[in-house]
1. Looking at segment 126-133, is at least one residue in contact (Cβ under 8 Å) with a residue 40 or more places away in the chain, of a type in the set (Val, Ile, Thr) and either closer than 18 Å to LEU22 by Cβ or in contact with a His (Cβ under 6 Å, 6 or more places away or on another chain) (or both)?
2. Could you list, in sequence order, all residues of segment 328-360 that are without any contact (Cβ under 8 Å) to a residue 40 or more places away in the chain and not small (Gly, Ala, Ser)?
3. Regarding ARG33, is this residue open to solvent by 30 Å² or more (accessible area, probe 1.4 Å) and among the basic types (Lys, Arg)?
4. Hey, among ALA315, ALA329, which residue is part of a helix (DSSP H, G or I), at pLDDT below 95 and not polar (S, T, N, Q)?
5. So which of TYR55, TYR43, TYR31, TYR74 ends up being touching a helix residue (DSSP H, G or I) at 6+ places or on another chain (Cβ under 7 Å), without any contact (Cβ under 8 Å) to a residue 40 or more places away in the chain and outside any helix (DSSP H, G or I)?
6. Could you check segment 242-271 and list, in sequence order, the residues that are modelled with pLDDT under 80, part of a loop (DSSP other than H, G, I, E, B) and not hydroxyl-bearing (Ser, Thr, Tyr)?
7. Among the residues of segment 422-452, which ones are in a loop (DSSP other than H, G, I, E, B) and buried (at least 16 other Cβ atoms within 10 Å of the Cβ)?
8. Pick from VAL141, VAL92: which is surrounded by fewer than 24 Cβ atoms within 10 Å (Cβ to Cβ) and at pLDDT 95 or above?
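The values are calculated or read from the model by the stated rules, or taken from the named source; none is laboratory data. Bear in mind the structure is a predicted one, so any value in this text is a computation, not a measurement. For neighbour counting, all protein chains shown are included, and Cβ atoms are generated from backbone atoms with ideal geometry for every residue, glycine included. Protein only, heavy atoms only, side chains kept; ligands, DNA and RNA dropped before computing areas. Shrake-Rupley method; radii C 1.70, N 1.55, O 1.52, S 1.80 Å.
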Amino acid sequence: MRAAATRHASPLIASALLLLHLAVQLVVRPYPRWLDGIVVFRYARDFPHIPMDHYSMRIGLVLPARLFIALFGYGQVAYYAWPLICGCVLVVATYLLANELGGRWAGAVAGVLIIFNPMLVETNSAKDSQYMTSWQLLPDVGSAAWFTAGMACLLIAVRERRDDDDRPLPARRGWLVAAGLLFGFAYLIREFIPFVYPTIVVVLLLWKVPWRRWAWVAGAMVSCLLLEVVLAAAVHGHPLGRLTLGADKGDTTVFHQTRLDTVTTLWTAFAHYPFAAGLLGSVILTVLAPLLLRRREALVPAAWVVFLWIPMTLATGFLRPQRIWIVGAKPRYWLPILPAAAVGCGLLAAALGAWLATRVGPLARQAPARRALAVLALVAGAVIYALPVRGALLHNPRDHSWNGLRAWLHDHDGDVGSIVTDSRDALNLSIYRFAPVGGEPRWDADVTTVPLHSRRPPRASAGGADALLWSQWLSPHPPTRGQGWRLAWHSGQLRLYLRGDTATPSS
């Protein structure tokens with residue numbers, strides 16, 4: 001009975017973490033993010049007739065989105081589907097990896113840390129557009145998720161097993177191939193995920209995997225590269241297009257920075273979020289974990305953090321401070337460090353719990369009592385960790401405003417023939433023009449744009465548009481009646497104005 005309970009504990013914990021993640025994400029779901037995510041979504045709709053750039057070459061984003069557009073039509077559901085799946089994979093994979101390295105309690109802690117991580121919970125663009133990562137068709141969550149899943153498969157493959165004569169069995173080929181495919185797929189989503197590939201070598205060396213078994217991992221990874229080469233040749237006529245785009249990348253900075261600034265870029269990125277000190281602290285503890293625990297398992301997340309931090313810092317401008325290849329100040333670029341930090345802290349928490357359990361007197365000899373204490377400690381820790389992001393959970397605007405705008409424009413389609421707005425909100429309108437499922441147009445007004453961050457909104461008499469959609473992206477202050485507009489609808493940060501000389505739309 002006890003063996004059966006132990007065998008089923010991991011699937012139950014993973015399922016509970018997944019349900020908790022879904023509940024949290026449903027609370028914080030934002031509208032589709034302007035620019036990158038919507039550009040990728042358009043490329044998915046038009047594939048294979050798309051230009052060659054760094055958006056289109058991320059086939060790990062474009063092709064899944066193309067599949068969901070075929071299933072659900074060009075709308076919100078298709079946009080959200082792949083990011084939602086990747087978020088679920090990230091949580092489960094983080095649990096499985098920590099479980100392999102430190103047991104199910106380490107996995108449970110790591111899973112909770114990922115679920116309530118400020119970078120995955122804070123999605124309120126009214127504060128800062130950089131918050132919008134979860135639910136977006138961006139490469140950051142997906143690349144981290146599938147690489148973490150690959151690491152979990154790799155650790156399962158090299159898990160120590162013995163035959164009937166107590167001789168060690170070799171690493172399992174199926175799991176090695178699965179790990180290689182997942183590592184390669186993570187590259188198809190994000191071009192700089194190979195920064196953390198040396199972590200794979202660390203595992204293979206620490207677990208003394210024979211060289212000939214390395215070929216199964218490497219071969220599977222190369223197959224993903226070959227897929228990219230074939231598709232790039234067929235779609236763009238340039239088999240090495242992605243490598244060419246990467247070599248050409250590199251921008252002169254528009255601000256002054258020193259080498260010290262580049263070294264502290266990780267903190268600069270985290271500083272956007274609540275509980276930023278906790279984020280940085282989890283990274284530091286993960287790097288220190290091998291010294292504290294003196295176990296090879298702790299070297300895996302620590303190496304992961306170091307292997308990501310060094311090239312990211314170099315690419316952010318350490319070599320040439322006035323020329324950058326990766327804008328490291330963008331928080332989402334550091335997202336692949338989160339699973340490693342969660343796993344490292346999970347290992348430390350499990351070790352601390354085991355140490356405390358030997359010092360609680362009679363309770364140390366009662367397994368049910370120890371488990372009850374562990375569950376209480378985990379719940380208490382989760383509550384304490386979640387407190388800094390309670391504002392994101394309780395007061396997040398979600399996507400209610402945009403859904404309401406689509407409904408209003410549908411009900412008054414005959415009254416609004418043209419809308420003027422800024423370029424970012426125009427991109428958002430391109431999603432909310434269509435039904436969430438099926439892709440049928442819900443309204444038919446033409447959309448024209450004005451520059452972002454204008455000093456004031458355009459006058460109603462300037463462009464001849466029937467309506468003006470205003471948000472903080474257009475101008476610091478909304479229009480006034482003196483500019484010829486009158487408010488017809490508003491919700492949250494969004495306001496829709498009609499020309500002052502138009503009749504009030506019928507309800």
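1. Keep residues of segment 126-133 that are in contact (Cβ under 8 Å) with a residue 40 or more places away in the chain, which gives 126, 128-133.
Still in the running and of a type in the set (Val, Ile, Thr): 133.
Now restrict to residues that are either closer than 18 Å to LEU22 by Cβ or in contact with a His (Cβ under 6 Å, 6 or more places away or on another chain) (or both): 133.
Yes; the residues of segment 126-133 include at least one that is in contact (Cβ under 8 Å) with a residue 40 or more places away in the chain, of a type in the set (Val, Ile, Thr) and either closer than 18 Å to LEU22 by Cβ or in contact with a His (Cβ under 6 Å, 6 or more places away or on another chain) (or both).
2. Of segment 328-360, the ones without any contact (Cβ under 8 Å) to a residue 40 or more places away in the chain are 352, 354-360.
Those that are without any contact (Cβ under 8 Å) to a residue 40 or more places away in the chain and not small (Gly, Ala, Ser): LEU352, TRP355, LEU356, THR358, ARG359, VAL360.
3. Numbers: open to solvent by 30 Å² or more (accessible area, probe 1.4 Å): no; among the basic types (Lys, Arg): yes.
Judged against the criteria, ARG33 is not a match.
4. ALA315
5. Values: TYR43 fails: outside any helix (DSSP H, G or I); TYR31 fails: without any contact (Cβ under 8 Å) to a residue 40 or more places away in the chain; TYR74 fails: without any contact (Cβ under 8 Å) to a residue 40 or more places away in the chain.
From the options TYR55, TYR43, TYR31, TYR74, the qualifying one is TYR55.
6. LYS249, GLY250, VAL254, PHE255, HIS256, GLN257, listed by residue number.
7. In the first step, residues of segment 422-452 are kept if they are in a loop (DSSP other than H, G, I, E, B); the result is 433, 435-440, 442-445, 451-452.
Of everything in segment 422-452, those that are in a loop (DSSP other than H, G, I, E, B) and buried (at least 16 other Cβ atoms within 10 Å of the Cβ) turn out to be ARG433, ALA435, PRO436, GLY439, ARG442, TRP443, ALA445.
8. Details: VAL141 fails: surrounded by fewer than 24 Cβ atoms within 10 Å (Cβ to Cβ).
The match here is VAL92.
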